[in-house]
1. Run the simple label-point estimate for THR59 and VAL166 please: 7 Å along Cα→C-beta, distance reported in nm.
2. Within 10 Å, count the other beta carbons around each residue, average over each peptide in 137-149, 106-118, and list them highest first.
3. Could you run the Karplus curve 6.51 cos²θ - 1.76 cosθ + 1.60 with θ = phi - 60° over segment 152-163 and give me ³J(HN,Hα) per residue in whole Hz, x for Gly and Pro?
4. Hey, can you find the accessible area per residue of segment 107-262 for me, probe 1.4 Å, expressed in square angstrom?
5. Between GLU106 and ARG138, what's the calculated FRET efficiency when r is the beta-carbon distance and R0 is 35 Å? Round to 0.05.
6. Hey, what's the Kirkwood Rh for the chain if you take every pair of different alpha carbons, in angstrom?
7. Among PRO87, GLN201, GLY117, whose Cα lies farthest out toward the positive end of the dipole of the chain, if unit charges sit on the beta carbon of Lys, Arg (+1) and Asp, Glu (-1)?
8. If a paramagnetic tag sat 7 Å from the Cα of HIS230 along the Cα-Cβ line, which residues of segment 111-138 would have the backbone N under 12 Å from that point?
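The values are calculated or read from the model by the stated rules, or taken from the named source; none is laboratory data. The model shown is predicted, which means the values in this text are computed figures rather than measured ones. Heads up, the Cβs are rebuilt from the backbone with ideal geometry, glycines too, and the neighbour counts pull from every protein chain shown. In case anyone asks, the SASA skips ligands and DNA or RNA and just uses the protein heavy atoms, side chains included. Shrake-Rupley method; radii C 1.70, N 1.55, O 1.52, S 1.80 Å.
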Amino acid sequence: MPVYPSVRDHGVELCERAGYEIEPTDDRRRPPVVAAPTRDAVGLVDPEDPRPVAVEPLTEADVGPAGLVPRFADAVREGRDCLFVVPSTESTGTTLTQVVATVLGEPACVADDGPDGRHFYKGPDRVPLSDGSYACARAATADLQWREVPVGEERPRLELGVGTEVVAVFESIDDLAAPPRHAFQHAYRRADDGRFEVTAQGEVVERFSGPTAMRHEGYAPVPMPLVPEHLFPEAADLGRWAVCQPDGGQQVLTAAGLHAWS
């Protein structure tokens, strides 16, 4: 789904109004626009601390954890603030700017962080297994939930759940770096003929023409959780983001609140 030029251009206009110089990049790369503050610039995220800005124009489909958090992490690793520009649309009464603020605001980049541990957002990547296959589960993707569970004084363990059922357990989030095949009951792989094979206990239990057919029959690829410490540099400031939309005029919403340029 292409980004509307008006969405990208609105972010560029705001940066220029705030005293930034625009440095377009290759359209096939991210971010498509980088803005560098001049001596007289006013910071887009923090008015008193102007930093280079990655301008990230989004489609409506991008406005969710899987689209936002990796883009934000890329900007932070490059030492840039991140300006998200969203289309001027609403979904079930919620503006897309509010969705961005919910995902990136406190608790930053996680679905929940309370006494019972963190609940992680699902990312765009799949979970690769030690035998070259990928994890899958007999559930809808929307029903899969990655969560930490406190274990006394030790590091919390990581669980993948479907409702109250636990379908995979790891001693910690770090174990997802190279999970063994036996960590999941089901996995899938592409066979030599191009079809997708779902396996359990070393045996092929189903064969499908592709991932859509696999999902239709109740097997969902397991998405990798978005874990902040795996994505961001240590001690990174996760408040260095802003979001705007063309219908919002000169208003920009940041972690500190709403501000605008005249």
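1. A separation of 3.9 nm, rounded to one decimal place.
2. 137-149, 106-118
3. My calculation for segment 152-163 gives x, 8, 7, 4, x, 7, 10, 10, 9, x, 10, x Hz in order.
4. Result: 54 Å² of accessible area for each residue.
5. 0.50
6. Here the Kirkwood hydrodynamic radius works out to 20.2 Å.
7. Among PRO87, GLN201, GLY117, the one farthest towards the positive end of the dipole of the chain is GLN201.
8. Zone members listed by number: 120-129.
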